[in-house]
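Shown next, in structure tokens, is the structure this report addresses.
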């Protein structure tokens, strides 16, 4: 059995825990620059349309009473370590996805015992860390993740073994791993809107729609997934990438998404308790050719700004040849546990 845990509105919840005057108020965590975006919005802010990645100026327009606080990554790192220590107490493996999210091997094949384990973890995080965690329990990663999302905020959802396909059938095809906005639009044009409809496709239809990876996608839709929880000790590199809705024409336009990708990689490194010395970028041009550059830093790091500085230097070494960019990625390798920390010179 696998449990998926996700702390509710992590950055905002930490701020509200540490400053009780913020509780019950619409809150956004964001920087102070002209191009700042919302990193996390509290649940009180979300009914106004305030969400992660929304430009801060737009968030203020949607919610004039919005309270904005700067991020405190040192505090988040400390809190994340406390939470992951709780995740690992009775589990065989913990696979961190970010500072506030992880898959956990529940250490049992018994469904009821796994649900009790998830309940105990949620109670421990609440009592010892002062935050709420939503959880999903299932035999498979994707199903556990979907169940956890459905339980937010501060809930627990479980899927009885053998009922995975029925649980998935009525859900939007967008919930299926590997289906992005473009694929969803293509499926919608063919009258396919639910996961159950993908599960019902025959081999020929699957190949026409998705190519060679279609069989695996249909297996997921049918509730078949054999992937295990992978401990952080098995992690060789941590990466993040984004395919843009519209191609970006120049290096300057790539700087903002590059910074967000570096922040995501940093969060995941911290969650894995890892730091790396090799930092690189991947660029897919408009003609689908791919270029990559990498470099080593003096000391292993998990610091977002240090990763960004190295990644930006790599990006400037990529020859675009006058072509726009359709995909950008960041990767940190050369990983080590408990490596000496690279100190950031930036505030």
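The values are calculated or read from the model by the stated rules, or taken from the named source; none is laboratory data. Since the model is a prediction, treat every value here as computed from it, not as a measurement. FYI the Cβ positions are ideal-geometry reconstructions off the backbone, even for glycines, and counts take in every protein chain you see.
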* To do: Go through the range 6-61 and count every residue that is assigned to a strand (DSSP E or B) and either touching a residue at least 60 places away in the same chain (Cβ under 8 Å) or in contact with a helix residue (DSSP H, G or I) (Cβ under 8 Å, 6 or more places away or on another chain) (or both).
  => 11
* **Matching entry among 125, 206, 137 (being surrounded by 15 or more Cβ atoms within 10 Å (Cβ to Cβ), modelled with pLDDT of 90 or more and in a helix (DSSP H, G or I))** => 125
* To do: Could you list all residues from the range 106-121 that are touching a helix residue (DSSP H, G or I) at 6+ places or on another chain (Cβ under 8 Å) and farther than 15 Å from residue 86 by Cα?
  => 108
* Of 187, 217, which residue is farther than 26 Å from residue 3 by Cβ and in contact with a helix residue (DSSP H, G or I) (Cβ under 7 Å, 6 or more places away or on another chain)? -> 187
* Has the range 77-87 got any residue that is at pLDDT below 90, assigned to a loop (DSSP other than H, G, I, E, B) and closer than 22 Å to residue 240 by Cα? -> no
* Output the residues belonging to the range 114-134 that are more than 16 Å from residue 151 (Cα to Cα) and either touching a strand residue (DSSP E or B) at 6+ places or on another chain (Cβ under 6 Å) or in contact (Cβ under 8 Å) with a residue 40 or more places away in the chain (or both). => 114, 117, 125, 128, 129, 130
* Regarding residue 297, is this residue within 17 Å of residue 256 (Cα to Cα), crowded, with 18+ Cβ neighbours inside 10 Å and either touching a residue at least 60 places away in the same chain (Cβ under 8 Å) or touching a helix residue (DSSP H, G or I) at 6+ places or on another chain (Cβ under 9 Å) (or both)? -> no
* Can you work out which of the residues in the range 142-171 that are assigned to a helix (DSSP H, G or I) and touching a strand residue (DSSP E or B) at 6+ places or on another chain (Cβ under 6 Å) is surrounded by the most Cβ atoms within 10 Å (Cβ to Cβ)? => 144
* Tell me, which residue of the range 220-240 that is within 28 Å of residue 87 (Cβ to Cβ) and in a helix (DSSP H, G or I) is modelled with the highest pLDDT? -> 220
